[in-house]
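Asks: Below: one structure in structure tokens.
Every read-out reported here was derived from the displayed coordinates using simple, explicitly stated rules and does not represent laboratory data. This structure is a prediction, so every number in the text was calculated from the model and none was measured. We place every Cβ from the backbone using ideal geometry, glycine too, and count neighbours over all the protein chains shown.
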Amino acid sequence: MNTPDYTGPDTTPRPTILLVDDAPEYLMLLGEILTPHYNVRIASNGRSAIELASASPQPSLILLDVEMPDMDGYETVKHLREQPSTRDIPVIFITANHETEDEQHGLDLGAVDYITKPPRPSILLARVRNQLELKQARDTLQAKNAALAVEIEQRSRAEAEARRLNTILDSRKQALERLVKNLESFSYTVSHDLRAPLRAISGYAEMLTETEGASLSAEGRHMLDRVKAGARKMDQLIKDILEYSRVERLQRKDSSIDMAALAAQVAQDQQVAYPAAKFVQGDLPRITADATMVQQILSNLIGNAFKFSAQREGAVIEIGATTVNGVPEFFVNDNGAGFNQRYAGKLFSLFQRMHSEQEFAGTGVGLAVVKRLVEHHGGHISADSVPGERTTFRFTLAPDVVTTATA
């Protein structure tokens, strides 16, 4: 009889069948039918069958005789179903009993099929093959269910972690909103409550100069001038601090910017105070960005270039752009006082100055504002210098703000 081989390719391990019968002739008969297709192990009684079913490698299927001395097939099945390691092994009863009640009893105990002796080889092989396929399908389903259970558990933990993080983020968001409100309140206090008495000081100092200036001694007028200068410095410092705190709350309103025209206008405004300096402008690309912020960046950098080169004869201020990795990098260069490169990292921090106020006026806030504005556009700013020779500031804006590269 030509029966297809259940095992498939040679690389696939053959299933193991456990044959249990107290009659050697039936063990031999069943073995001859099954051995060409499966690995076969035998047991002559129920107790041996239970031991072999628990041993490794476990059988994929058990063919079990019903009528055996000491422990019959029904009792053997009960023991197999009670043990976690063997409860899922399918059992087919093979018996000479033809009564329906016997077959029903075996199925009720957990058997998957019931074959009467003597079995026909084709029927036996077909039923064995069917039960093995069913077991393989069940095992696959159980494995998928187990994997699904693990995935569900992992997702559940991930969702719980996400909820926890969202709670933390929400709490931090609320704290940040409170901080912003406090900052706005502080800004109002600084701009109104602090500047009001400062204006009074400046006003009375001016009135005193006009009404009593002629009667004051030279030393008195000098001290009064110091008061007015201090008030002006304090007012400028307050304005710069407010400007610095305002940057974080600004919303970008991008538009197309002609950088060449904007830089020329800024330089023209700044050069009024430094008529001896020369301004040189190279090709600059057109970009899309916040025009007010970019104007402030240029005004500060170009203004600094004029200021720190004002004491040099033949002062030259230059602005241009190069392309680095496909992104325009703007530069502002001057041949002025310069600074020690060792302190370049502190240059963009609040209140940091490279020169004394007697040499160059300022509050040390402007470059900190520039850095925030550049970073607000996703860009980067840096500076390098040689004392007494030159200073160059370079900054980029995010690639998405650049539109064309026309002069």
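Asks: If you take the beta carbon distance between residue 212 and residue 384 as r and set R0 to 60 Å, what does 1/(1 + (r/R0)^6) give as a FRET efficiency, to the nearest 0.05?
Replies: 0.70
Asks: For the pair residue 150 and residue 39, how long in nm is the line joining their label points, each one 7 Å along Cα→Cβ?
Replies: Each label point lies 7 Å from its Cα, and together they span 2.5 nm.
Asks: If amide hydrogens are placed 1.01 Å from N in the peptide plane, which non-local residues have theirs closer than 5 Å to the one on residue 115?
Replies: For residue 115, whose amide H was placed from the backbone, the distant partners under 5 Å are 93, 94, 95.
Asks: Order 163-175, 381-393 from most to least packed using the mean count of other Cβ atoms within 10 Å.
Replies: By packing density, highest mean first, the sequence is 381-393, 163-175.
Asks: Between residue 313 and residue 141, with labels modelled 7 Å along Cα→Cβ, what's the label distance in nm to one decimal, could you check?
Replies: Distance between the two pseudo-spin positions: 9.9 nm.
Asks: Gain in length, residue 226 to residue 176, computed as 0.36 nm per residue apart minus the alpha-carbon separation, to one decimal in nm? Can you show the working numbers first?
Replies: Values: separation 50, 0.36 × 50 = 18.00 nm, distance 4.10 nm.
Once the chain is fully extended between residue 226 and residue 176, it gains 13.9 nm.
Asks: Okay, moving on. Could you derive backbone 3J(HN,Hα) for the range 42-52 from the dihedral phi with the Karplus parameters 6.51, -1.76 and 1.60 (θ = phi - 60°), listing whole Hz in sequence and x where the residue is Gly or Pro?
Replies: 10, 9, 9, 7, x, 5, 4, 4, 5, 5, 5
Asks: Tell me the GluC sites (Glu not before Pro) within the range 56-85 that lie in a loop according to DSSP and have at most 16 other beta-carbon atoms within 10 Å.
Replies: Values: sites: 67, 75, 82; in loops: 67.
Sparse-neighbourhood loop GluC sites (Glu not before Pro): 67.
Asks: Past the 21 Å Cα-Cα mark, which pairs from 253/307; 253/371; 173/371; 233/278; 253/278?
Replies: Working: 253/307 30 Å; 253/371 18 Å; 173/371 25 Å; 233/278 29 Å; 253/278 33 Å.
253/307; 173/371; 233/278; 253/278, as the Cα separations exceed 21 Å there.
Asks: Suppose R0 equals 51 Å. What FRET efficiency, 1/(1 + (r/R0)^6) with r the Cβ-Cβ distance, do residue 168 and residue 236 give to the nearest 0.05? Please report the intermediate quantities before stating the final value.
Replies: Working: r = 41 Å, r/R0 = 0.80.
The formula returns an efficiency of 0.80 here.
Asks: Work out, step by step, the length gained on full extension between residue 83 and residue 281: first 0.36 nm times the residue separation, then minus their alpha carbon distance; give nm to one decimal. Don't skip to the end; give the middle numbers.
Replies: Working: separation 198, 0.36 × 198 = 71.28 nm, distance 8.96 nm.
Gain on extension, residue 83 to residue 281, equals 62.3 nm.
Asks: Tell me which residues come under 5 Å, amide H to amide H, from residue 257 once H is placed; ignore anything under 5 positions away on its chain.
Replies: Here the answer is 287, 288, 289, since their amide H atoms fall under 5 Å of that of residue 257.
Asks: Another question about this same structure. Quick query: amide H of residue 41 versus all other amide H atoms, modeled in the peptide plane; which residues come in under 5 Å with a sequence gap of 5 or more or a different chain?
Replies: Amide H neighbours of residue 41, under 5 Å, 5+ apart: 17, 18, 19.
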